[in-house]
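The values are calculated or read from the model by the stated rules, or taken from the named source; none is laboratory data. What you are looking at is a predicted structure, and each value in this text was computed from that prediction instead of being measured. Cβ placement follows ideal geometry from the backbone for every residue including glycine, while neighbour counts extend to all protein chains displayed. What goes into the accessible areas is simple: the full protein's heavy atoms, side chains included, and nothing from ligands, DNA or RNA. Shrake-Rupley method; radii C 1.70, N 1.55, O 1.52, S 1.80 Å.
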Amino acid sequence: MRLERLNYNKLKVFVTYDDLKERGLTKEDLWTDTFKVKQLFREMIEQASKELNFEPTSSLSVEIFSLQAQGMVVFVTKQDSQDEMEIIDEHEDMYEEFIEMQVMLDESHDLFFEFQTFEDVIQLAKRINQYYGIETILYSFENRFYVLVGEEKLTMKEIGNIIALLAEYGSPSTITKHRVQEYGKQLIHNQALSYIADTFS
């Protein structure tokens, strides 16, 4: 699992399907109220507490975005209020808290990743270009960069390797390519990452 703290009360977790498989879970299991699912969310929170100093309150909101090929992006938000700032005691049973989580689902069928800086895109291009001549398009939208990857000519193994590289420098986008295409700007239409790698080599 890859964790990133977005702000003081919001956490982003990227969970691959291999992460789920290691825990005996499938994508469909996340929409059920099972002991293993509660264990997974507890593990997320404990890891976030240890690595990012993200301590849960007694109310959490969870948004789960299912990405067909990549895995899951999970956003955990602390619902703090004036009267509710108590941190859950580490000895309390947290399982019941997760039952109250608000879960939202969205699903994307594209390899569409978001990057915080153009430097991240450059570093990705240098890594990915030496292995694959893949079709890619680069967009910008709201001070972020987005890469759309064409999967038509790729094997499942290649897709898995590419996803690993994409996730190293960026995150699966939680907004659709259609929104970025409509409101953002297309920077490079054809072989975007190859062009960037050649330009900045």
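Worth a mention:
- Each of Lys10 and Gln181 was given a label point 7 Å from its Cα along the Cα-to-Cβ line. The distance between the two points is 2.6 nm.
- Accessible area per residue for the range 1-44 is 56 Å², calculated with a 1.4 Å probe on protein heavy atoms, without ligands, DNA or RNA.
- The simple spin-label model puts a point 7 Å past each Cα toward its Cβ; for His189 and Thr174 those points are separated by 3.2 nm.
- Inter-label distance, Glu22 to Leu165: 2.3 nm, where each label sits 7 Å from its Cα along the C-beta direction.
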